[in-house]
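These notes are about the structure you will find just below.
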Amino acid sequence: MASDFDFFAPEFQGDVHPHFARMREECPMAKAEEPFDWYAVTREKDVRALLHDWKNWTSELGPGLSREGGGGVLVSVDPPEHTFDRRIVNRAFTPASLLAMEPEITVLIDEIIDGFVEKGEGDFMQLLAVPVPLIVIAWLLGLDPDLVQQMRPRADGVISADALAQEEMARQMRAAAEAEGGGDRSGATRGQEEVRYFLGKIAERRAMHAAGEEMPPDTLTALVTTELNGRTLRDDEIVGFMGFLFIAGSATTTQLIGNMIYRLLQNPDQLELVRNNPDLYETCVEESLRYDAPVNGLFRTAVEDTEFLGVEVPKDTKVLCMFGSANLDPEMWEEPETFDVTRDYEQLKLHYAFGQGIHYCMGAPLARVEAKVALKLVLERMPNLRLTGEPEEITAPVLHGVETLPVAWDPPASN
Amino acid sequence: MQKLVIERRLCLKSGQCSYLQPDVFERDEENWPVVAVEHPEGEQVELANDAIEMCPAQAISLVEDEGD
């Protein structure tokens, strides 16, 4: 049987909306051939059905196309392990504590803009969309923001190399942490250096905890100290979480901020609406998440031989739940192909950009705050913002949106 | 008496409540959460509080029920 679509083709990746529309219409359970048989569901009701049915559609073989068992953390485990992980991380990462970071995030973005606003032009991604989420994640994990920014290329490399490997880096880091514990210091790779750095930070916190010192109120402290079912997390587990949060929390939010600004520049009427109505900031962020889901989709795996939409699905078959397409399904959305910042917020927030069901993104409140503050300050401090060229599309297939965003604005008048 | 309430306006359909505490929460056919025990008592209060803590939308609360 021929394949229905080629997810990895530049022609598909460069403009996903029309491909999603064709798949929803012609092949709702679409077959891909490479690198082995897998499928994609693109209609909202089918994406929803799979995401909520974790007993039959597991995450245990990872959220990516690789079948290597996943990284052993959140995105690649189901209950009961998932429940344990999620409780621990939730305590380290409560919605309230993430929302409380808004003032600090405002100061951060203001300072970053201070650093480049005189230039009047540049690549918006490198200037703002890339550094903001990386620095915020560094804060949460108790890491040095400058070092974390140097690590960024590796995180990107992992995502593009293996298509959907949020879990892959976490797995590698856990393995490296275990090797480290075993005393194998030969042939240290860059990854191992990072693991060593993470382990050093964990050791510092453990020492502070043991000495009864006051500890920074961040995610790393919670990971080190939280006790559940009579135990705390081991070093390799914490390193796994750190690696996972590092990837899951940076590249994705970078895409959100960049994609949102790009669509506003493409739609000047929407930009004016938002500029004149701060009440629309949050709706604008949600509309961007709907229109350009930063993660195209993630996989679930059939637990046993089954049938879906009339297609026979052997056990262990991977199915890509296409978040970005569910977000454009005319069965759910009026005029889905229109970027409209005045949609009803309560319905809009039910888009699939953060998934749905038990694996719903835990960092969603943080991503939302970062994007809202970035939007506000960009509008306030970069007047007459405009495109100066065509953006390039990001090459990592799992991610969607712009890789570069060449812009110019009116710099502040020098006195 | 305390009443268990889900604010649908805030709910993100993450499904955490019904999967973590199926004795207290259910889901309808569209995967919206539904309170199964409107007035939790004893251990059910703990179960409800666990779901309240874990809800990523902070959409669940126990409120004083002024009614009869």
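Starting from 0.36 nm per residue, how many nanometres of slack lie between A:GLU393 and A:LYS55 once their C-alpha separation is accounted for? All intermediate terms of the calculation are to be shown ahead of the outcome.
Working: separation 338, 0.36 × 338 = 121.68 nm, distance 3.58 nm.
This chain segment gains 118.1 nm when fully extended.
What's the average, rounded to a whole number, of partner chain beta-carbon atoms within 10 Å of each residue's beta-carbon in B:47-53?
Working: counts 0, 0, 0, 1, 0, 0, 4.
Partner Cβ neighbours, averaged per residue: 1.
Return the equivalent ellipsoid semi-axes of the stretch A:268-415 as a descending list in whole Å, where each equals the square root of 5 times an eigenvalue of the C-alpha gyration tensor. Don't skip to the end; give the middle numbers.
Numbers: eigenvalues 250, 59, 39 Å².
Equivalent-ellipsoid dimensions as semi-axes: 35, 17, 14 Å.
What FRET efficiency comes out for the pair B:VAL37/A:TYR345, r = Cβ-Cβ distance, R0 = 30 Å, nearest 0.05? Each step should come with its number before you reach the end.
Values: r = 30 Å, r/R0 = 1.00.
The value I calculate is 0.50.
Between A:ARG234 and A:GLU331, what is the FRET efficiency for a Förster distance of 51 Å, r being their Cβ-Cβ separation, to the nearest 0.05? Can you show the working numbers first?
Working: r = 46 Å, r/R0 = 0.90.
Once the sixth-power term is evaluated, E becomes 0.65.
Taking the highest mean first, how do the peptides A:83-96, A:352-365, A:383-396, A:286-299 order by number of other beta carbon atoms within 10 angstrom per residue?
Working: A:83-96: 18.9, A:352-365: 22.9, A:383-396: 15.0, A:286-299: 25.4.
The densest-packed peptide leads the list: A:286-299, A:352-365, A:83-96, A:383-396.
Within 10 Å of each residue's Cβ, count the other Cβ atoms and sort A:LYS315, B:LYS3, A:LYS372, A:LYS349 from fewest upward. Could you put the intermediate results ahead of the total?
Working: A:LYS315 10, B:LYS3 15, A:LYS372 20, A:LYS349 24.
In increasing order of surrounding Cβ atoms, one gets A:LYS315, B:LYS3, A:LYS372, A:LYS349.
Enter the Cα centre distance for the pair the stretch A:83-123 and the stretch A:374-407, rounded to the nearest angstrom.
Here the answer is 18 Å between Cα centres.
Enter the Cα centre distance for the pair the stretch B:6-28 and the stretch A:25-50, rounded to the nearest angstrom.
Each part reduced to its Cα centre gives a spacing of 27 Å.
Starting with the fewest neighbours, write out A:MET382, A:MET29 ranked by other beta-carbon atoms found within 10 Å of each beta-carbon. Walk me through the intermediate numbers first.
Numbers: A:MET382 23, A:MET29 19.
By the 10 Å Cβ count, ascending, the order reads A:MET29, A:MET382.
Just the Kirkwood number for the protein assembly as shown, please: inverse of mean 1/r across all distinct Cα pairs, in Å, one decimal. Walk me through the numbers on the way to the answer.
Numbers: mean 1/r = 0.0427 Å⁻¹.
Computed over Cα pairs of the protein assembly as shown, the Kirkwood hydrodynamic radius comes out at 23.4 Å.
Nearest 500 deg cm²/dmol is fine: what mean residue ellipticity at 222 nm does chain A get from its DSSP H runs of n ≥ 4 alone, each adding -39,500 (n - 2.57), divided by its residue count? Display every interim value, and only then the final one.
Details: 18 runs with 204 residues, N = 415.
Value at 222 nm, helices only, nearest 500: -15000 deg cm²/dmol.
Please state the equivalent ellipsoid semi-axes for the stretch B:13-68: what are the square roots of 5 times the Cα gyration tensor eigenvalues, largest first, in whole Å? If you can, show how the numbers build up before the last one.
Details: eigenvalues 65, 31, 25 Å².
With the √(5λ) rule applied to the stretch B:13-68, the semi-axes are 18, 12, 11 Å.
Can you put B:ILE52, A:ILE238 in order, fewest other beta carbons within 10 Å first?
Values: B:ILE52 16, A:ILE238 24.
Result, fewest neighbours first: B:ILE52, A:ILE238.
Determine the calculated [θ] at 222 nm for chain B from helices alone, applying -39500 (n - 2.57) to every DSSP H run no shorter than 4 residues and normalising by the residue count; nearest 500 deg cm²/dmol. If you can, show how the numbers build up before the last one.
Values: 2 runs with 17 residues, N = 68.
Counting only the DSSP helices, I get -7000 deg cm²/dmol.
Please compute the length gained on full extension between A:ALA203 and A:GLN149, using 0.36 nm multiplied by the number of residues separating them and subtracting their Cα-Cα distance. Present the calculation step by step, with values, prior to reporting the outcome.
Values: separation 54, 0.36 × 54 = 19.44 nm, distance 2.21 nm.
That works out to 17.2 nm of additional length.
For the ranges A:116-123, B:56-63, what's the packing order if you count other beta-carbon atoms within 10 Å of each residue, average per peptide, and put the highest first?
Ranking, from highest mean packing down: B:56-63, A:116-123.
Among the DSSP beta bridges whose two residues both lie in the protein assembly as shown, what percent are antiparallel, rounded to the nearest 5?
Counting only bridges with both partners in the protein assembly as shown, antiparallel ones make up about 90 percent.
No lab work stands behind these numbers, since they all come straight from the coordinates. Everything numeric in this text was worked out from a predicted model, so none of it was measured. Every residue, glycine as well, gets a Cβ built from its backbone with ideal geometry; the counts of neighbours run over all protein chains shown.
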